[in-house]
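Let me begin by presenting the structure, written as structure tokens, before commenting on it.
What follows draws every value from the coordinates through simple rules; no lab data is involved. Keep in mind the model is a prediction, meaning the values are calculated, not measured. Methodologically, a virtual Cβ is constructed for each residue, glycine included, from the backbone with ideal geometry; neighbour enumeration extends over all protein chains shown.
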Amino acid sequence: MKKTEDSLSTEGSSALMADVARLAGVATSTVSRALANPGRVNEKTRARIAAAAEQLGYTPNAAARSLRVGRSNVIMIILPGSPHYGASQIIPQVLEAVNRTVIRNGYNLMIANLDRDESSERHILDLAFGGTVRGALILSSQLPVVDNRSLAEAGLPIVSLLLDVSGTSVPSIITNDRLAVKEAAMELLALGHRRFFYIAGPTGNYHEVERYAGLVEALNGAGLSADYITRSGGNLTFQFGFETGLQAAEDFARLDEKPTAVVAASDDMAISFMSKIQKMGWRVPEDLSVVSFDGSPVCEYCSPSLSTIEQPMEALGETATEFLIARMEKSDEKRELRVVIPSRFIRRDSIAVNSKLTT
């Protein structure tokens, strides 16, 4: 038997898009466009579709509200690459804080993965320019640009998280990479360490530049030059931290004069380095002290427990999301473009006094 509009209204969430179109008196393609990009459908048509969708129970309340007001209720967070980037548990911590804040404020979260290939960047830009999202958080990455189209030109609020791009007028919520490493290195200097082995992130990367600079500044403050630092790595991305650490152990083993302190640009690097170097016969912290950056929970359970600089991931994620929502709702346009939330050094068993002072 042919369905009537009355019978359709009783079927709740089982109603099809075609039913919504028939009840609203529009084409199915118009309903699809209105649901995906409310701003691309005129207000009168959008109102009819919204009313039909609510009557049939076709869309959640949040989506129906988006149709009524003509704007998306979705916040997009753009991740920096492969899911393996989060092996150190940093990205999951950020996502948890972001998602919690998004839900608390009545929005929905969309996760996009920026693989730095043209197709993924174009997809992200299509979402932004098409009106699917109302605001975007971009995590530790430059804004995507494809075919002379940039995310910055999409006309939606953007906040950068963990990467300082405030110089381009994009609000940036960051931590104090340079100062945090400097303070940790000063503790190693106070323990008598004078020669350092540095395990580097990818050359030119913002975090790599800042963290290495912090180590150099600490040594300069002690009257020592960068010549007292031996570098390893620099050719792999942070996604390959474990591989970087393993290669660093090989590099360390080949040195004629062994440094007594190791500073790694990420926890993953330090964990694999420390594991391999101990299998080679060096003792931590008796022969060399090890410090890393990130603050992954797993550091506490390494052997020995790993001293690390803990990034305030929950505070960073929450602050960045609240900052973005304030800009979306135009409730606070006078905030600073650059907000710094300090990291903290957690001293554990992987560092000790250097008994072989070398100058």
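Below 12 Å, Cα to Cα, which aspartates and glutamates can Lys258 reach? Residues fewer than 8 away in the same chain don't count.
Asp287
How much FRET efficiency would the formula 1/(1 + (r/R0)^6) give for Ser275 and Ser32, where r is the Cβ-Cβ distance and R0 is 51 Å, rounded to 0.05?
Calculated value: 0.45.
Restricting to DSSP loop positions (anything but H, G, I, E, B) with no more than 16 other Cβ atoms inside 10 Å of their own Cβ, which GluC sites (Glu not before Pro) remain in the range 218-327?
Hits after loop and neighbour filter: Glu257, Glu286.
I need Thr101, Thr28, Thr308, Thr319 ordered by Cβ neighbour count within 10 Å, fewest first.
Thr28, Thr319, Thr101, Thr308
Would you please name the trypsin sites (Lys or Arg not before Pro) within the range 101-178 that are DSSP coil residues with at most 15 other C-beta atoms within 10 Å of their C-beta?
Loop-located and lightly packed - Arg116.
Run lengths n ≥ 4 of DSSP H only: what is the helix-derived mean residue ellipticity at 222 nm for the chain, with -39500 (n - 2.57) per run over all residues, to the nearest 500?
-12500 deg cm²/dmol, from helical runs alone.
Counting only the backbone N, which residues of the range 265-286 are under 16 Å from the spot 7 Å out from the Cα of Glu243 toward its beta-carbon?
Correct set: 268-270, 272-273.
Could you line up Lys276, Lys330, Lys258 from fewest to most neighbouring Cβ atoms inside 10 Å?
Lys330, Lys258, Lys276
Using 0.36 nm times the number of residues separating Ser303 and Lys44, minus their current alpha carbon distance, what extension gain do you get?
86.7 nm
Run the quick spin-label model on Arg283 and Met110: label points 7 Å from Cα toward the beta carbon, then report their separation in nm to one decimal.
5.7 nm
With N residues in the range 279-349, what two-decimal value do you get for its Cα radius of gyration over 2.2 N^0.38 Å?
So the range 279-349 has a normalised radius of gyration of 1.66.
List the residue ranges in the chain for DSSP H helices whose C-alpha atoms run 15 angstrom or more along the long axis and whose Kyte-Doolittle average is -1.0 or above.
43-56, 90-104, 118-129, 177-190, 206-221, 241-253, 267-279, 313-328
Tell me, what is the FRET efficiency for Arg344 and Ser119 to the nearest 0.05, using R0 = 51 angstrom and their Cβ-Cβ distance as r?
0.80
By count of other Cβ within 10 Å, fewest leading, how are Ser141, Ser292 ordered?
Ranked by crowding around the Cβ, least crowded first: Ser141, Ser292.
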